[in-house]
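Peer 1: A single structure is presented below for examination.
The values are calculated or read from the model by the stated rules, or taken from the named source; none is laboratory data. This structure is a prediction, so every number in the text was calculated from the model and none was measured. Note that each Cβ is placed from the backbone with ideal geometry, even for glycine, and that neighbours are counted across all protein chains shown. Note: areas computed on protein heavy atoms with side chains; ligands, DNA, RNA excluded. Shrake-Rupley method; radii C 1.70, N 1.55, O 1.52, S 1.80 Å.
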Amino acid sequence: DFHMLFMRAGGYSVQYDYDAKPNGAKSYDCSGIARVHKKGAPSEICISVSCPGKPSYFVDIEEPFPLSIAPGACVDGKWIYATETSVKHQVKSHNASGNSAKAEVECTFPGGKTVTGSYTLDSEGLTIQLSGSDLIRCLLPVFRFNGESRTAVRQSGNTLSVEFGGFVCTYKVLNGTLKDLKKSSGNRNGHYDAFAAEGKESLTVKISIEKLD
């Protein structure tokens, strides 16, 4: 079945897998935004393929953390992320006009808690606006190593930058806080660390990729 949402605008392209299914005990993908590309930039600098928890290919990380750009909700005192198969994604709307594209996806977590994500793509990058009850999160992949070269990662308050291949990927949490989850992930492109933006009831995150001067 087809379960991909594509957005393209302003030199960027985004791919949202809203129903990734494991292949038996192992998998190739997990749900959420699995691809954020900028024309001319290294494909892996943000994310180019999601990081499954039980990959069907070799990853030299013990117990890799399932990672994409995806909402999270605190359910009965435990964080659950929309990368898990227990969370259902429903595309509520999607459209493109001029030099921008927009989509709205609702994620339903165990127990019925919902988080609604509004995603806007334009020449300035991807803006994510999440809304839900109580505390919510947005998973953010931080690229570290491709097997040959390491990235330069810098955090200043609620802004984090990843420099690689002459470009910089910047995550800005406009309302909320930026947290290092201390979890490692991996995919066919290399190693990633899992960060998350966290806010109460609403959360806005901006992702951009620019060429370094």
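Peer 1: With each pseudo-label sitting 7 Å past Cα toward Cβ, what's the LYS179-GLU84 distance in nm, one decimal?
Peer 2: For the pair LYS179/GLU84, the computed spacing is 1.4 nm.
Peer 1: Evaluate the range 122-198: find the radius of gyration of its Cα atoms, find its Kirkwood radius, and give the ratio Rg to Rh.
Peer 2: 0.98
Peer 1: Can you give the relative contact order of the range 160-203 as a percent, counting alpha carbon pairs under 8 Å and 6+ residues apart?
Peer 2: In percent, rounded to a whole number, it is 33.
Peer 1: By per-residue mean of other Cβ atoms within 10 Å, what is the highest-first order of 200-212, 70-82?
Peer 2: Ranked by mean Cβ neighbours within 10 Å, highest first: 70-82, 200-212.
Peer 1: Could you tell me what percent of the accessible area of the range 103-194 is made up of carbon and sulfur, with a 1.4 Å probe and every protein chain present?
Peer 2: After summing per-atom areas, the C and S share lands at 41 percent.
Peer 1: Given SER50, CYS74, GLN90, which one lies farthest toward the positive end of the charge dipole of the range 10-123, if we put +1 on the Cβ of every Lys and Arg and -1 on the Cβ of every Asp and Glu?
Peer 2: Value: GLN90.
Peer 1: Rounded, prolate or oblate for the range 70-152? Axes are the square roots of the Cα gyration tensor eigenvalues, ordered a ≥ b ≥ c, and the cut-off for rounded is a/c under 1.5.
Peer 2: Since a/c reaches 1.5 but b/c is at least a/b, the shape of the range 70-152 is classed as oblate.
Peer 1: Using the reciprocal of the averaged 1/r over all distinct C-alpha pairs, how large is the Kirkwood radius of the chain in Å?
Peer 2: 17.0 Å
Peer 1: Give the accessible area for SER13 in Å² (nearest 10); use a 1.4 Å probe, count only protein heavy atoms, and leave out ligands, DNA and RNA.
Peer 2: 40 Å²
Peer 1: Suppose R0 equals 22 Å. What FRET efficiency, 1/(1 + (r/R0)^6) with r the Cβ-Cβ distance, do LEU212 and PHE6 give to the nearest 0.05?
Peer 2: E(calc), rounded to 0.05, equals 0.20.
Peer 1: Turning to a different aspect of this structure: Using a 1.4 Å probe, what is the accessible area per residue for the range 71-129, in Å²?
Peer 2: 48 Å²
Peer 1: What relative contact order, as a whole-number percentage, does the chain give when Cα pairs under 8 Å and 6 or more residues apart are counted?
Peer 2: Relative CO of the chain lands at 19 percent.
Peer 1: Summing Lys, Arg as +1 and Asp, Glu as -1, what charge do residues with Cβ under 13 Å from the Cβ of LYS102 carry, LYS102 excluded?
Peer 2: Combined, the nearby Lys, Arg, Asp and Glu give 0.
Peer 1: Further, regarding this structure: In terms of Cα to Cα distance under 21 Å, which lysines are near enough to LYS113, apart from those fewer than 8 places away along the same chain?
Peer 2: Within reach: LYS78, LYS88, LYS92, LYS200.
Peer 1: Among the lysines, which have Cα under 21 Å from the Cα of LYS211 when same-chain residues fewer than 8 positions away are ignored?
Peer 2: Within reach: LYS38, LYS39, LYS172.
Peer 1: Tell me, what is the percent relative contact order of the range 35-145, built from C-alpha pairs under 8 Å that lie six or more residues apart?
Peer 2: Computed value for the range 35-145: 23 percent relative contact order.
Peer 1: Here is a further query. Once you have the alpha carbon radius of gyration of the range 1-125, what is it after dividing by 2.2 N^0.38 Å, with N set to its residue count?
Peer 2: 1.09
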